[in-house]
Amino acid sequence: MTDEMRQRRRTWVIGGVLLVLAAVVGFVARGPFVGMHAATDVFWALGVLVLVIGLGRAGSITRRRPIPTAVVLLQLAVANPLMVWCLSTLPLTDPQNPYQQEDSWISVFLPYYAAVFVLTVAAVIVIGVMRALPRPWSWAPSWVLAWSWGLGAASLAMFGAAPLDTPLSTIGALLGLVSAQLGTLFLGVVAVVLGWRAALEPVEAVTI
């Protein structure tokens, strides 16, 4: 096994295991274990950092190219609970204007979620274009993004179509809760499997 193959194997396996841990913690962080939920974001961030930076240049899913790497890291920095918490301290209240806080929230969070949307789409595109993973797996993040949005829409439709505590509304609520964890689990498993097969699967060269 060459040094590049070793770099891919350890990067993808370690990064994948961290993503799997993020998904597992997300599944169990309910009820009395809800305090564990913060660990989900920590494992997710660490897993993405390992996969993007790479434990060796050959392991990086963006090939450490400056622009693709910057796009993914910027998405990771913006789309995280700490950023949401910081922004939540900005909306203003005015006793003379009962609509001031609502207007302030809209003015702060509408641009924020628009930026998260653009960065997320850009991140999955640059990972796919870099083709650092064997085909077609570089596009796995885009598949997860598409089905997460689809499951989210289905969850809202099911939850809103039936009264509370009915089977349909319960399934809709659960679907919304687990959709993100399912995507994270899928990406983690893919990364681990590709890591173990790193010596067997060819990786395309790119000139971008």
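Numbers below:
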{"read-out": "Gyration tensor (alpha-carbon) shape descriptor, region 1-92, a/c threshold 1.5", "value": "oblate"}
{"read-out": "Cβ crowding within 10 Å averaged over residues, with 17-25, 132-140 ranked highest first", "value": "17-25, 132-140"}
{"read-out": "Packing rank of 54-65, 109-120, 79-90, where each peptide gets the mean count of other beta carbons within 10 Å, highest leading", "value": "54-65, 109-120, 79-90"}
{"read-out": "Ranked packing of 147-153, 179-185, most packed first, by mean Cβ within 10 Å", "value": "179-185, 147-153"}
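No lab work stands behind these numbers, since they all come straight from the coordinates. In this text, all values refer to a predicted model and were calculated from it rather than measured experimentally. FYI the Cβ positions are ideal-geometry reconstructions off the backbone, even for glycines, and counts take in every protein chain you see.
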